[in-house]
Amino acid sequence: MIARYVDAHTGKRPFMFWRCDAPNEPRRQVGGEPLPFANNVRVYCERGIPKDWLHVNINDPPRFEAQCTFLARFGVLLDGEIERLTLADQKPEELPTEFWPRDETTYARHYR
């Protein structure tokens, strides 16, 4: 199943990979303001990106390493997959807007 998915989406993995098989570590944040959390707080992730954001700077939203960068770091790219990656595949991913705080004033008020 993964091989078929990778044929169409080089450098990426389906939702269930992230849920069941991905290394138990979030993707590295490579830009934007960091997520503050205490060491003893569990960080919930989707597709390797932390979900629970209280504040997001709309002028500098968090960016995370590309899926292919994460997969390469853990050595889980398939044979021949790295040769098919493009520069666009390796571009950092911005925090998805569905992970932003639900109340717009939560971040707008914080960053005025």
(message) Please go through (1) surrounded by fewer than 18 Cβ atoms within 10 Å (Cβ to Cβ); (2) at pLDDT below 90 for residue 35 and return the number of the only condition it doesn't satisfy.
(response) (1)
(message) Among the residues in segment 49-66, are any out of contact with any Asp or Glu (no Cβ under 8 Å at 6 or more places or on another chain), assigned to a helix (DSSP H, G or I) and under 18 Å from residue 14 (Cα atoms)?
(response) no
(request) Give me a count of the residues in segment 64-91 that are under 17 Å from residue 28 (Cα atoms) and surrounded by fewer than 18 Cβ atoms within 10 Å (Cβ to Cβ). (result) 8
(message) Testing residue 10 on (1) within 13 Å of the chain's Cα centre (by Cα); (2) part of a loop (DSSP other than H, G, I, E, B); (3) at pLDDT 90 or above, one condition comes back false. Which one is that?
(response) (1)
(request) Among the candidates 19, 42, single out the residue that is part of a helix (DSSP H, G or I) and among the basic types (Lys, Arg). (result) 19
(message) Suppose we keep only residues that are within 28 Å of residue 8 (Cβ to Cβ) and surrounded by 13 or more Cβ atoms within 10 Å (Cβ to Cβ) within segment 92-110. Which one would you say is modelled with the lowest pLDDT?
(response) 99
(message) Looking at 30, 6, 56, 43 in this structure, which one is exposed (fewer than 13 other Cβ atoms within 10 Å of the Cβ) and β-branched (Val, Ile, Thr)?
(response) 43
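The values are calculated or read from the model by the stated rules, or taken from the named source; none is laboratory data. These numbers come from a predicted model, not from an experiment. As a convention, Cβ positions derive from the backbone with ideal geometry for all residues, glycine included, and neighbour counts pool all protein chains shown.
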